[in-house]
Amino acid sequence: MIRVGIVVGIWFVLGLVAGGGAGAAENTAAADFLAKQGLVRDGNTWLSPVEAKVKGYFDAIRELERNVITAEKAFAAGLRESESLKQEVAQLEAELQKLNELLQSGTLNAAQGERVTAQAQQRADRINLLKPQVMDPAGLDDSAMIKAAVNRVNEARNALAVALLYLRAHAAEVDGSYAALTTNQDVQDALTALGGKQKLGPLKRYDRDLKRLDRLDRLVFTETVLAYRDNARPRVSAIVNEQTAATFTWGEEVAMTYLPHSVALAAGLAIPDDAPRVDVLAAGNRKIEAHKVTLPKLRFGQQVLENIEVVVLAPDAEDMGAVLSPRSLGDRKAVVDTAKLEFRLLPFVGDSDGDRTPPAPRRRAPRAATP
């Protein structure tokens, strides 16, 4: 009792030093102390950093799901509209060819020629108007629209995937995250100083909430992931170390997988002091310092590469982006089909020294939800 009285008095004095009324200032000092311990206030309950993040993801999960469904519906609708526009363009081109043949036949008088010329021009103008609106997977190099649509779907899927992966990895840690806090007398004294039935979490158990997440897996952990081409190079999105997303350029000629420093940092990937140093030669004979490290996981939908060697680039080489090497795939083979907007990993068939072609594909997951 004596200790509690003394410590509560300390919070009172700290509050007065901070300025303001006695009660309000006392609460401010105690609240500031708890916040510096990483605790997050939720009504009368103070949450550990682990529970605060778990709760934040659970609170956001419905919106993240809606974002995926909305992006996929918009993408599917865009592809359907594009197919309709392609058919119209094909019809107009056929009509334009016939009109041009008629003009070149020499069988028209002046008035007829003017009329047919006007009709041909109308069709040419319509073709020029429609073509930029066509999302054609076979011509991704020229389609900013398809790249933007794919990126919107990938961003939505990745946000949901990162949330699901975090929740499954850390929701069970919520109770244990309070073990040290409940025996920390300074924390208890600060709660007492705040009054108003302030307490430590946890707010709830998350077991049931975790079970409800299973239905969301089909939205993000699919057999194939969306891919497209940019400047004639395939591009594919992945989850790095189950913590952050990155878009990789597929590098057939690259010996190792490259990670920008910012991606490695966001993925919680540490660079040991004794990590082997390598020099990467970039365009223009630019030499970039890098380090080899082991990446625990690299996820493409359902498929996960484990313990692969990657090269983390120096902070001043962010412009190189992330590059995925086929030599990093171990016993997997990548099937990159940008015409179908697909990237997937398959196991090799046969002995490691023999035929290394992938098996016939299983039925793939839908690439976009139907409205």
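When you scan the range 45-63, do you find a residue that is more than 30 Å from Ala180 (Cα to Cα) and part of a helix (DSSP H, G or I), even just one? Looking through the range 45-63, at least one residue is more than 30 Å from Ala180 (Cα to Cα) and part of a helix (DSSP H, G or I). For the structure I just gave you, tell me whether Glu93 is closer than 25 Å to Ala149 by Cβ and acidic (Asp, Glu). Yes: the conditions hold for Glu93. Of the residues making up the range 301-317, just one is open to solvent by 40 Å² or more (accessible area, probe 1.4 Å), part of a helix (DSSP H, G or I) and out of contact with any helix residue (DSSP H, G or I) (no Cβ under 6 Å at 6 or more places or on another chain), namely Asp316.
Ala290 passes every criterion in (1) touching a Lys or Arg at 6+ places or on another chain (Cβ under 8 Å); (2) within 22 Å of Val335 (Cα to Cα) apart from (2). Of the helices (runs of 4 or more DSSP H) lying entirely inside the range 80-191, those containing at least 3 residues that are open to solvent by less than 60 Å² (accessible area, probe 1.4 Å), in contact with a Phe, Trp or Tyr (Cβ under 7 Å, 6 or more places away or on another chain) and not polar (S, T, N, Q) are 144-170. Between Thr294, Thr244, which is at pLDDT 95 or above and surrounded by fewer than 15 Cβ atoms within 10 Å (Cβ to Cβ)? Unique residue meeting the criteria: Thr294.
Quick one: is Glu26 open to solvent by less than 60 Å² (accessible area, probe 1.4 Å), part of a helix (DSSP H, G or I), modelled with pLDDT of 95 or more and among the charged types (D, E, K, R)? Taking the combined requirement at face value, the residue does not satisfy it.
Of all residues in the range 276-321, exactly one satisfies the criterion of being over 18 Å from Val254 (Cβ atoms) and of a type in the set (A, V, I, L, M), namely Val304.
Would you check if Leu298 is part of a strand (DSSP E or B), closer than 17 Å to Glu223 by Cα and touching a residue at least 60 places away in the same chain (Cβ under 8 Å)? Yes: the conditions hold for Leu298.
So that you can scan it fast, the table gives a plain yes or no per residue for (1) open to solvent by 20 Å² or more (accessible area, probe 1.4 Å); (2) free of Cβ contacts under 8 Å to residues at least 60 places away in the same chain; (3) touching a Phe, Trp or Tyr at 6+ places or on another chain (Cβ under 7 Å):
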position: Ala193; (1), (2), (3): no, no, yes
position: Gly201; (1), (2), (3): no, no, yes
position: Arg208; (1), (2), (3): yes, yes, no
position: Phe221; (1), (2), (3): yes, no, no
position: Ala227; (1), (2), (3): no, no, yes
position: Ala238; (1), (2), (3): no, no, yes
position: Glu252; (1), (2), (3): yes, no, no
position: His261; (1), (2), (3): yes, yes, no
position: Ala267; (1), (2), (3): no, yes, no
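The values are calculated or read from the model by the stated rules, or taken from the named source; none is laboratory data. All values derive from a computational prediction rather than experimental measurement. Cβ atoms come from the backbone with ideal geometry, glycine included; neighbour counts cover every protein chain shown. Accessible surface is based on the protein model in full, side chains and every heavy atom, while ligands, DNA and RNA are left aside. Shrake-Rupley method; radii C 1.70, N 1.55, O 1.52, S 1.80 Å.
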